[in-house]
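First comes the structure, then the notes that go with it.
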Amino acid sequence: MISPDQVATMIKAGLPDAQIQVEDLTGGGDHYQVTVVSSEFEGRSLVQQHQLVYGAVREAMSSEAIHALALKTYTPETWSAQTSA
């Protein structure tokens, strides 16, 4: 079982400037919804953004410590537009 803080730490290691929110969807520590805001996403497609996040948690997913990961990714600009709407 991995804690939400551990998930955030793994993502932060791959995307140092990221703002990260992690929610345990089931209480079991293996199904998470993660919102990531990073300037690293600028100019990248949604698939490429998700690949960056998955790359940061690859080891935990391959060992099945994380079974499911729902992602929402934003650049700082798109996050600002999202939160002000």
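Each reported figure results from applying straightforward, stated rules to the coordinates on display, with no laboratory input. As the structure is a computational prediction, the values presented were derived from the model and not from experiment. Don't worry about glycine lacking a Cβ; one is built from the backbone with ideal geometry, like all the others, and counts go over all protein chains shown.
For the stretch 46-56, 3J(HN,Hα) computed residue by residue from phi via the Karplus equation (6.51, -1.76, 1.60; θ = phi - 60°) reads 4, 4, 5, 4, 5, 4, 4, 5, 4, x, 6 Hz, glycine and proline entered as x.
The stretch between residue 42 and residue 65, if pulled fully straight at 0.36 nm per residue, gains 5.3 nm over its current Cα-Cα span. Restricting the stretch 1-80 to trypsin sites (Lys or Arg not before Pro) that sit in a DSSP loop and have at most 15 other Cβ atoms within 10 Å of their own Cβ leaves 44.
What is the ratio of the Cα radius of gyration of the chain to 2.2 N^0.38 Å, with N the residue count, to two decimals? Present the calculation step by step, with values, prior to reporting the outcome.
On the way: Rg = 12.4 Å, N = 85, 2.2 N^0.38 = 11.9 Å.
Ratio of Rg to 2.2 N^0.38 Å for the chain: 1.05.
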